1. Would you check which residues across region A:1-50 are among the β-branched types (Val, Ile, Thr) and open to solvent by 70 Å² or more (accessible area, probe 1.4 Å) and list them?
2. Only residues that are at the interface with chain A (Cβ under 10 Å from one of its Cβ atoms) and open to solvent by less than 40 Å² (accessible area, probe 1.4 Å): list them for region B:333-353, please.
3. Which residue pairs have Cβ atoms under 8 Å apart, sit 6 or more places apart or on different chains, and have a first residue in region A:17-34 that is at positive phi and within 10 Å of chain B (Cβ to nearest Cβ) and a second that is of a type outside the set (Lys, Arg) and open to solvent by less than 50 Å² (accessible area, probe 1.4 Å)?
4. Being open to solvent by 40 Å² or more (accessible area, probe 1.4 Å), under 18 Å from the mean Cα position of the chain (by Cα) and modelled with pLDDT of 80 or more narrows it down to one residue among B:Asp152, B:Asp215; which is it?
5. If B:Ile286 satisfies all but one of (1) touching a residue at least 24 places away in the same chain (Cβ under 8 Å); (2) in a helix (DSSP H, G or I); (3) within 14 Å of chain A (Cβ to nearest Cβ), what's the number of the condition it fails?
6. Is there any pair with a first residue in region A:47-70 that is outside any loop (DSSP other than H, G, I, E, B) and a second that is of a type in the set (Val, Ile, Thr) and open to solvent by 20 Å² or more (accessible area, probe 1.4 Å) whose Cβ atoms are under 8 Å apart and which are 6 or more apart or on different chains, and what are they?
7. Quick check, is B:Gly260 away from every other protein chain (no Cβ under 14 Å) and closer than 22 Å to B:Arg136 by Cα?
8. If you check B:Thr120, B:Thr125, which single one turns out to be modelled with pLDDT under 70, over 20 Å from the mean Cα position of the chain (by Cα) and buried (at least 17 other Cβ atoms within 10 Å of the Cβ)?
Amino acid sequence: MSTSAWQALAPACRRADLSIVALHLRYVALGGVAPLSTLTAHLASGAPLSAMEHDVAVHAINERFLELDDGERVPYEIARGPR
Amino acid sequence: MEAGSFDDEQLSPGHRRDHNGARAADADRREAEADLREIAADARERHIDARERMLDRWERTIAARAADLYALDDVDEEDREQARLQRERDRERRRDDADARREAAIEREVKRAERAARATRPADTAAAAEPARFARLVAAAQTDPPLEDVIDLVLEVAVDTVPGCAAASITLEANGRMHPAAATAPWAADLDAAQLEVGCGPTAAAAPGGIVVTDNLVADERWPRLAELSSPDAARGAMSFGLGVGETTAGVMTLYSNLGSSFPDHTFPIGDMLAAHATVTLARTIERLTFEAQAEAWQRALASRDAIGQAKGILMQQRATTADEAFHVLRETSQLLNIKLRKVAEHVVSERRLPDA
């Protein structure tokens, strides 16, 4: 995972008015498997989280921006080309 | 004067009344603390119940999927069933304990109200706090009524039981700010709002568990800005009680006296006791509503997870690919169409294909 990827999450959550507990609930709803403590540590200090699980958390934040009609989006870790 | 420090026989009637009042106040505080400990115990047990119900659902889901894959044998199924039955027996035991705690709480409330009734002066007997009125508050908490009904009941009991109380109001905390929630008279709600707007006055100043009293809202030197209130209803006394648990403010209950008058000293303990009752009742109701909202949110999350899991399975089969790859397809479709991933998944489950751009 890129060194700055996890650092973008906490500020994005603040801008999206998303608490860590609310983020975890949305993350679980999308299929995420990490417990709250792991997700919290990942956002706070970059504790290990697979790129796949990181992107699930990113998508949870981006869906919150979508609800707020905010054009901001957090970039995904796993970059993909056209399908 | 400290409770128990003098022989009652040596006290004058007035001092004896104050002495008994202090002992009653100490008993009220101890019982209010016991009530708050029970609220915390109830909340802990609700969380344990919710977690175990979720564990049961997860186990049933896992068992169903394992059975589909013929990966479950009879021994595994029996072990899981035994564990589930044990959790159910534990939940029943916790429910019995909670019922016993609630019965003890009701008994404490009735005794507290009886002490308050004995503490009032004979001339105020007709307007003194009656145990049945306070027991209504406790009974309300046991039947889980809507929050607005609980607030209305608290204010109704306040006007009925506090001598000289013309109106009562409650402001509640939401998102770090206090907002007028209810009042027995429109002018009382207006006075609350005016104090919150200028940031001063008993309603704005009451801390959790504290009481702020004034003989005249517009003539109190502590809050000169309130003198600017032009409302003809403002020239009256008020006493505000902070409703909170620990250092957290849940709200403020304000009692307003008749126009041109103030509350006599002997009404303070009645209002204080009513605030303690209100704190317990509101805390239980808010806790219950918060728990119900959280439980509903988790149910929706599990339903969403299930739909996404099914959609991934369909895409894995159609494209002969991995679960991670299937999730990325769903995620990219969600980004492209600017719709939530759950909606994309639901479309895949019902139509067996991705939604069109």
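1. A:Thr3, A:Val21, A:Val33
2. Answer for region B:333-353, where residues must be at the interface with chain A (Cβ under 10 Å from one of its Cβ atoms) and open to solvent by less than 40 Å² (accessible area, probe 1.4 Å): B:Thr333, B:Ser334, B:Leu341, B:Ala345.
3. Short answer, once both residue conditions are applied: A:Gly31/A:Val56; A:Gly31/B:Ile308; A:Gly31/B:Gly309; A:Gly31/B:Phe327.
4. B:Asp152
5. Checking B:Ile286 against (1) touching a residue at least 24 places away in the same chain (Cβ under 8 Å); (2) in a helix (DSSP H, G or I); (3) within 14 Å of chain A (Cβ to nearest Cβ), the one that fails is (3).
6. Listed by first residue and then by second, the contacts come to A:Ala51/A:Ile78; A:Met52/A:Ile78; A:Glu53/A:Val33; A:Asp55/A:Ile78.
7. Details: away from every other protein chain (no Cβ under 14 Å): yes; closer than 22 Å to B:Arg136 by Cα: no.
It is false that B:Gly260 is away from every other protein chain (no Cβ under 14 Å) and closer than 22 Å to B:Arg136 by Cα.
8. Of the residues listed, the single one that is modelled with pLDDT under 70, over 20 Å from the mean Cα position of the chain (by Cα) and buried (at least 17 other Cβ atoms within 10 Å of the Cβ) is B:Thr120.
The values are calculated or read from the model by the stated rules, or taken from the named source; none is laboratory data. This is a predicted model, so every value here is computed, not measured. Glycine also receives a Cβ, built like all others from the backbone with ideal geometry; neighbour counts cover every protein chain displayed. With ligands, DNA and RNA removed, areas are computed over all heavy atoms of the protein, side chains included. Shrake-Rupley method; radii C 1.70, N 1.55, O 1.52, S 1.80 Å.
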